[in-house]
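The values are calculated or read from the model by the stated rules, or taken from the named source; none is laboratory data. As the structure is a computational prediction, the values presented were derived from the model and not from experiment. Positions of Cβ are backbone-derived with ideal geometry, glycine not excepted, and every protein chain shown enters the neighbour counts.
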Amino acid sequence: MAVRRLDPVLVDRIAAGEVVERPAAAVKELVENALDAGAGAIEVVIDAGGRRLIRVSDDGVGMDDDDLALAVERHATSKLPDGDLTAIATLGFRGEALPSIAAVARLALTTRTASAANGWRLVVDAGSRGPVKPVAAVRGTQVEVTGLFQATPARLKFLKTDRAEAQAVADVVKRLAMAHPAVGFTLAGEHLTALTLPPERGGDALLARLARLLGPDFAPNAIAIEAAREGIGLLGHAGLPTYHRGSAAHVHMIVNGRPVRDKLLLGAVRGAYADVLPAGRHPALVLVIACDPRFVDVNVHPAKTEVRFRDPGLVRGLVVGALKEAIVRAGHRASTVGGLRTLDAIRGLRSHSAPAAVRPANVSYRPTSAAAPPADWQAPRGFGEPPPAAYAPQGALPGLAEPSADARAGWPASAADGDGLGAERPLGAARAQVHETYILAQTADGIVIVDQHAAHERLVYERLKAERAGRGIARQLLLVPEVVDLDPLEADRVVAAADDLEPLGLVVESFGPGAVCVREVPALIAQGDVRRLVRDVADTLAEWGQSSALDERLEHVLATMACHGSVRAGRRLKPEEMNALLRAMEATPLSGQCNHGRPTYVELKLSDIERLFGRR
């Protein structure tokens, strides 16, 4: 069969398959053109998910009649003034968007420059180009696409529902709006909630735009990111570890004003949050990378959604380091939505509870008085001892410890508050222990509920990591070595990792088939259950096998050890112990979440509690 040149219109339709896969891709190309034209306001209107209509209007510099005629030619562009493909400083650069769209739809362009007396209009219908005509028009450019893929009806079969396509368009517009907070955006159309984003000004423009797009909860739960290294700048806002989502859709990356979905950057984010997020959860963040255009290749994907850095290791190190530093800087902060979820749960319980007049038959209630207790009443000597039977409600709910000693007569406030500051501290002063698991603390403007096991687990884990990074983890020699029976395969796995476990403070050796002998354990967890610890370490080594990096496996082993060395749920604590735990949390980075990423405490504001009881 002879070789022949394809018809130019057919070539454009083939190119359209690469550049314009769906209506959202066409919107992306047109909005990027508007941004490159210096637009200060962009309006996007769609119908039938963009299949029937896409209209993008901007107030940019516009075009004259000669530029308009060239704009629909293949490989014609104003965005490569010197023809250097290694230094692309614009968003749209391939020179294929307009002719590709025009090859598969009806494309109408109306444009006018600021100095022109009139505007110009050009219509291209499925590759058939009409003349350039003068028209009345405002400054800027309006691109109207109707009947997308009418010239290639087979493409229509691959489109999703109009609602799904409309949501994809909204996602594209929102990502571009994040990347350019100084530009106003308007989005309207069928199957869409109308979106109006005014231009943001000032130093906090990005955060203001993110609060509009990611919701009002994002700003109070975000940490500012700012770093630079060897000519690469990094800005943005990252959500607290306890402010996580179920998918990676809320991870946004912007490189030189271009929203991208880059595997290198996503991997860097996962690495930075690996130690603080629950399994299957993802952070919410927006990172903006600025660098010399020669340092990054943006021409590696037809849709321009991926980039390639000249030095990927440098970029990954910058992202990981900046995120980890920000997470540590956040200290013990936990997300504000934890308290809101708690209040919602309480409201849900109240709505399903029995009427106030109906009381359980096994509980008798006695009237109480706000007056001082009788003179013969004596405060218990030890925290956790039950109050005098004469003053305890009959059938009271089990597990509720009495108020901490600072609320009792004769106990100095400093004993409960630690240093006398008490409620002025970020996590407040301990007031009670509930169900021998949760510490109830009073702050200056609310209360804090702490999971004592989860909190202490993080404290032990961070101390173990610090010891490992310093002089090494302190070890405790067992007076009588502990022999632990395991499955033969598990025993072999633990013995094979003995050299790696020794720097972590766990010294083991083989003790015959299916058994290991433990001679030393980390000093911090010397009082723990050694047998259970070794079994859990064996499970961790199996889960994070040879396919994982050594440091990653060892970090998970440390987390397992910390779990065994922490204060267990069900243990009664004295006021001094509870307050010491609160003070240690305030001084320890990442203490807002446990080793598994779950929150260690929730905070309820007094105003929310008053609203819950109808006092506001």
* Kindly check whether there is at least one residue in region 468-475 that is surrounded by fewer than 18 Cβ atoms within 10 Å (Cβ to Cβ), assigned to a helix (DSSP H, G or I) and modelled with pLDDT under 90. => yes
* To do: Output yes when any residue across region 583-604 is touching a strand residue (DSSP E or B) at 6+ places or on another chain (Cβ under 7 Å), basic (K, R) and either at pLDDT 85 or above or over 24 Å from R245 (Cα atoms) (or both), and no when none is.
  => no
* Asked: Only one of these conditions is not met by P131: (1) in a loop (DSSP other than H, G, I, E, B); (2) touching a residue at least 40 places away in the same chain (Cβ under 8 Å); (3) under 16 Å from A71 (Cβ atoms). Which number is it?
  -> (2)
* Structure fact -> In region 563-576, anything under 27 Å from R531 (Cα atoms) and either of a type outside the set (S, T, Y) or modelled with pLDDT of 90 or more (or both) is listed as C563, H564, G565, V567, R568, A569, G570, R571, R572, L573
* Structure fact -> By residue number, the members of region 193-246 that are of a type in the set (D, E) and in contact (Cβ under 8 Å) with a residue 24 or more places away in the chain are D217, E226, E230
* Structure fact -> Across region 257-268, the tally of residues that are surrounded by fewer than 21 Cβ atoms within 10 Å (Cβ to Cβ) and either over 22 Å from V173 (Cα atoms) or in contact with a Cys (Cβ under 7 Å, 6 or more places away or on another chain) (or both) stands at 2
* Only one of these conditions is not met by R270: (1) out of contact with any Pro (no Cβ under 6 Å at 6 or more places or on another chain); (2) outside any helix (DSSP H, G or I). Which number is it? -> (2)
* To do: Could you identify the single residue in R431, R408 that is at pLDDT 85 or above and buried (at least 17 other Cβ atoms within 10 Å of the Cβ)?
  => R431
